[in-house]
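Shown next, in structure tokens, is the structure this report addresses.
The values are calculated or read from the model by the stated rules, or taken from the named source; none is laboratory data. Note that the coordinates shown come from a computational prediction; the quantities given were computed from them, not determined experimentally. Quick reminder, even Gly has a Cβ in these numbers, built from the backbone with ideal geometry, and neighbours come from all protein chains shown. Ligands, DNA and RNA are stripped out before the accessible areas are found, and what is left, the full protein with its side chains, is counted by its heavy atoms. Shrake-Rupley method; radii C 1.70, N 1.55, O 1.52, S 1.80 Å.
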Amino acid sequence: MGALSVRLRLAATGLLVLTLAGCSSDSPVDGEPPAVPSGPTTLQPAEGKVPSGTTRVTCAVEAADGPVRLALDLPSGFRAGRHRDRGCTWRDRVRMHDSDIPYSIDVVVSVATADGSLDDVHAREEPFLVEGDSPEGDDSILDLLLDQGVPALGPTLGDRLSWRCYCDGQDLITRMAQADGVRVTWSSVVPLTEKTDAAFARAVDGAGTV
């Protein structure tokens, strides 16, 4: 087979792949709006048992739909801290061993009435966003990700936002979930990313009113 015939066959194959991709069932149909996520927009009652190794904590807070008491299942090491404004805070003092000199950090979880949207928070952090995996100086923001219209606190639709910040010489991570005007914020450090993400997901996936 000649080189020209091979190139023609490859071109035809590539065109077929592109055509099939364009006809995928996941693609929106012309003239139809994209699918809108379905689910409640007000906070729902917490369901299920408290997972092993966690403690159920609650916070009285003002939601968009009125006052509620939100429940979260936090790892049992967390202890209630000082309230900031009208909200609740819990802290876990974690001993770190990722350097020659052991040190401790505070992992902090807070619940409060939201002062704006997570889109606002995203816009505030975006000017400091850098590409790649390495900070480009103090206050560098990495891995900035906003998911909107998703189950955010239990089944209640809202937004989730996450990012990494190289701030004041510390490599920090922040996770947020917001629905019905209530925001949960989880602040930790990069070496604890996997542990933090697992605990955060478990807490907000099971969050609800009591």
Residue that is modelled with the lowest pLDDT [pool: residues in region 40-53 that are closer than 30 Å to residue 116 by Cα and either open to solvent by 40 Å² or more (accessible area, probe 1.4 Å) or of a type in the set (Val, Ile, Thr) (or both)]: 47
Any hit, region 113-120, residues being in a strand (DSSP E or B) and at pLDDT 95 or above: yes
Residue count, region 58-79 (criterion: among the hydrophobic types (A, V, I, L, M, F, W, C), more than 18 Å from residue 156 (Cβ to Cβ) and surrounded by fewer than 19 Cβ atoms within 10 Å (Cβ to Cβ)): 0
Where residue 126 falls short, out of the listed (1) part of a helix (DSSP H, G or I); (2) acidic (Asp, Glu); (3) crowded, with 18+ Cβ neighbours inside 10 Å: (3)
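Kindly indicate whether residue 107 is closer than 19 Å to residue 172 by Cα, within 19 Å of the chain's Cα centre (by Cα) and of a type in the set (Val, Ile, Thr).
Values: closer than 19 Å to residue 172 by Cα: yes; within 19 Å of the chain's Cα centre (by Cα): yes; of a type in the set (Val, Ile, Thr): yes.
In short, yes.
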Number of the condition not met by residue 56 [criteria: (1) in contact with a Leu (Cβ under 9 Å, 6 or more places away or on another chain); (2) over 19 Å from residue 201 (Cβ atoms); (3) modelled with pLDDT of 95 or more]: (2)
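Of the residues 204, 184, which single one is closer than 23 Å to residue 46 by Cα, touching a Phe, Trp or Tyr at 6+ places or on another chain (Cβ under 9 Å), touching a residue at least 40 places away in the same chain (Cβ under 8 Å) and not in a helix (DSSP H, G or I)?
Numbers: 204 fails: not in a helix (DSSP H, G or I).
Residue meeting the stated conditions: 184.
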The one condition in (1) open to solvent by less than 20 Å² (accessible area, probe 1.4 Å); (2) without any contact (Cβ under 8 Å) to a residue 24 or more places away in the chain that residue 101 fails to fulfil: (1)
